[in-house]
Amino acid sequence: MAIRLGDTAPDFEAPTTEGTLRFHEWLGNKWGILFSHPKDFTPVCTTELGEVARLKPEFDKRNTKVIALSVDSVADHEKWSADIEETQGVRPNYPLIADPERRVATLYDMIHPNADNTLTVRSVFIIGPDKKVKLTLTYPASAGRNFAEILRVLDSLQLTANHSVATPVNWKDGEDVIVVPSLSDAQAREKFPKGFRTVKPYLRITPQPNK
Ligand code: BEZ
């Protein structure tokens, strides 16, 4: 069954390049990003996994753990990691789940038979510390993801989880944000001491509160 925003991320136990882990226990109280890619030893995936390794300090800064999945074995993941290091200059520094029996892929609906019968699509699940799914993305095998966008939306999710704001189109960390419509002007004045600008009664802009 499809996993929807607000659902509890299904728990599982699986072998990975960092040993067998139980997903919820491994997440602890951190944010998590679970992402799948179609197959080991493929070109687009090679660039993606290198990029995630390069960005690891950015995920750490955001209290977020990353974990990848493909329907190959730990032995293949290990061999491919050496290729990733050789070609991308950085070795995956996060676990790669081995899922040759497609147990986790099926649990997370990562196989879309009308796209490919056996391989996982490029899924992304962002999971909050409450283990609820906060964001899902699905890309086809032919398009590598933009992990700068994934960091950007993670910033938005973490900000809006703690403040009564939403983020406008193309927002980036540090830019002005939108006061949520459910707050009255009086409540907004109390919550946002820096004030807000009313463009329309439903469109009120305020500086990012945690800056
Ligand atoms: C790739 O990662 O390069 C890839 C994987 C499966 C199909 C096409 C491309």
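The values are calculated or read from the model by the stated rules, or taken from the named source; none is laboratory data. Everything numeric here is computed off the predicted structure, so don't read it as measured data. Here the Cβ is made from the backbone with ideal geometry for all residues, glycine too, and neighbour counts use every protein chain on show.
Right, ARG91: over 19 Å from ILE126 (Cβ atoms), in contact with an Asp or Glu (Cβ under 6 Å, 6 or more places away or on another chain) and more than 16 Å from the ligand (Cβ to nearest atom) or not? Spelling it out, ARG91 is indeed over 19 Å from ILE126 (Cβ atoms), in contact with an Asp or Glu (Cβ under 6 Å, 6 or more places away or on another chain) and more than 16 Å from the ligand (Cβ to nearest atom).
The set of residues in the range 111-155 that are touching a residue at least 12 places away in the same chain (Cβ under 8 Å), part of a loop (DSSP other than H, G, I, E, B) and closer than 17 Å to LEU55 by Cβ comprises GLY144, ARG145.
For the range 161-187, what are the residues that are within 30 Å of GLY50 (Cβ to Cβ) and of a type in the set (S, T, N, Q)? Selection gives THR167, ASN170. Is it fair to say ASP11 is assigned to a loop (DSSP other than H, G, I, E, B) and either within 22 Å of ALA161 (Cβ to Cβ) or more than 14 Å from the ligand (Cβ to nearest atom) (or both)? Against the criterion (assigned to a loop (DSSP other than H, G, I, E, B) and either within 22 Å of ALA161 (Cβ to Cβ) or more than 14 Å from the ligand (Cβ to nearest atom) (or both)), ASP11 qualifies. Of PRO38, PRO43, all but one fail to be within 16 Å of the ligand (Cβ to nearest atom) and closer than 19 Å to ARG102 by Cα; the exception is PRO38. Selection of the range 156-211 for residues being outside any loop (DSSP other than H, G, I, E, B) and either farther than 29 Å from PHE59 by Cα or at pLDDT below 95 (or both) yields ASP185, ALA186, GLN187, ALA188, ARG189, GLU190, ARG197, THR198, VAL199, LYS200, LEU203, ARG204.
Of the numbered criteria (1) over 30 Å from THR42 (Cβ atoms); (2) surrounded by 14 or more Cβ atoms within 10 Å (Cβ to Cβ), the one SER184 fails is (2).
Looking across PHE35, PHE41, PHE59, one residue alone is in contact (Cβ under 8 Å) with a residue 24 or more places away in the chain, of a type in the set (Phe, Trp, Tyr), surrounded by 21 or more Cβ atoms within 10 Å (Cβ to Cβ) and not in a helix (DSSP H, G or I). It is PHE35.
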